[in-house]
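Student: Have a look at the structure that comes next, please.
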Amino acid sequence: MDKARKSVKVKLDLHTHVWEAFNFQDPSREIAEKVIGQVKKQGIDGIAITDHHNKEWALEFQELVERHYPGQIIIIPGWEIEIRPAENPFAEYQVAELFLPGGGVFRSYCHPGYYTPEIIIEGNIHAIEIDNYIHNWHIPKDRVAEIARTHDLLPLQVSDAHNLENIGLRYTELEMDELYRRASP
């Protein structure tokens, strides 16, 4: 993870569903080799794995990659969960929680405008997706850009890949320090 901790810019796809892309199989070296190959093919440095309600798979996969393919790519384990805001529980939205090495949780608002057009920004949100390869059709980009400015949120470009071929089709270039600086302890 040396590359991940340095203050250099990296290209990361921070919203992928690798477990789903491989039909919910256990993590394996075969899957790791395919993911590493796709990440390198796209010319990015790494991914966050944000499968729905399953952070254990991402944690196991990260450990497998670090053990067998150290330094090849950055893997940030996470998951995608639903949030029901206290002020309006019908305005449910999804958040990707990324578990940063060494501690801290980085939370991004996923595909704003889906399920509901209402966008409620609560505490502990650090980023918002402004470009999502799968969900671009409903993201109100001008409104999201204004929300990002108003709430000091990092605007993200992500693939939301549910298959191997889509990993890295969108990515965000940033310094890893930015994720750590914004993350909650």
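Student: Within region 54-100, work out how many residues are at pLDDT below 95 and over 22 Å from Ile130 (Cβ atoms).
Tutor: So the answer is 6.
Student: While we're looking at this one, here's another question. So, in region 106-131, of the ones that are within 18 Å of the chain's Cα centre (by Cα) and of a type in the set (D, E, K, R), which residue ends up farthest from Glu87 (Cα to Cα)?
Tutor: Taking the candidates together, the pick is Asp131.
Student: Mind listing whichever residues of region 10-36 are among the polar types (S, T, N, Q) and either open to solvent by 10 Å² or more (accessible area, probe 1.4 Å) or modelled with pLDDT under 95 (or both)? Before you say what the answer is, go through the steps one by one.
Tutor: Within region 10-36, the first condition is being among the polar types (S, T, N, Q), and the residues that meet it are 16, 23, 25, 28.
Answer for region 10-36, where residues must be among the polar types (S, T, N, Q) and either open to solvent by 10 Å² or more (accessible area, probe 1.4 Å) or modelled with pLDDT under 95 (or both): Asn23, Gln25, Ser28.
Student: Filter region 167-185 down to residues that are touching a Phe, Trp or Tyr at 6+ places or on another chain (Cβ under 6 Å) and not charged (D, E, K, R) and give me whichever is least open to solvent (accessible area, probe 1.4 Å). Can you show your working first?
Tutor: Going through region 167-185, the residues touching a Phe, Trp or Tyr at 6+ places or on another chain (Cβ under 6 Å) turn out to be 169-170, 179, 183.
In the following step, the residues that additionally are not charged (D, E, K, R) were identified as 169, 179, 183.
Details: Leu169: 62, Leu179: 0, Ala183: 21 Å².
My answer is Leu179.
Student: Which residues, taken from region 162-176, are touching a Lys or Arg at 6+ places or on another chain (Cβ under 7 Å) and part of a strand (DSSP E or B)? Before you say what the answer is, go through the steps one by one.
Tutor: Of all residues in region 162-176, those touching a Lys or Arg at 6+ places or on another chain (Cβ under 7 Å) come to 164, 171, 173-176.
Matches in region 162-176: Glu173, Leu174, Glu175.
Student: Of the numbered conditions (1) touching a residue at least 40 places away in the same chain (Cβ under 8 Å); (2) under 18 Å from Ala127 (Cβ atoms); (3) surrounded by 16 or more Cβ atoms within 10 Å (Cβ to Cβ), Val39 satisfies every one except a single condition; which is it?
Tutor: If we test Val39 against (1) touching a residue at least 40 places away in the same chain (Cβ under 8 Å); (2) under 18 Å from Ala127 (Cβ atoms); (3) surrounded by 16 or more Cβ atoms within 10 Å (Cβ to Cβ), just (2) comes out false.
Student: Hey, another quick one. Return the only residue of Val39, Val10, Val18 being in contact with a helix residue (DSSP H, G or I) (Cβ under 7 Å, 6 or more places away or on another chain) and under 20 Å from Leu164 (Cα atoms).
Tutor: On the way: Val39 fails: in contact with a helix residue (DSSP H, G or I) (Cβ under 7 Å, 6 or more places away or on another chain); Val10 fails: under 20 Å from Leu164 (Cα atoms).
Exactly one of Val39, Val10, Val18 is in contact with a helix residue (DSSP H, G or I) (Cβ under 7 Å, 6 or more places away or on another chain) and under 20 Å from Leu164 (Cα atoms), namely Val18.
The values are calculated or read from the model by the stated rules, or taken from the named source; none is laboratory data. Quantities reported herein were computed from a predicted structural model and do not represent experimental measurements. Here the Cβ is made from the backbone with ideal geometry for all residues, glycine too, and neighbour counts use every protein chain on show. These accessible areas exclude ligands, DNA and RNA; they are computed on the full protein's heavy atoms, side chains included. Shrake-Rupley method; radii C 1.70, N 1.55, O 1.52, S 1.80 Å.
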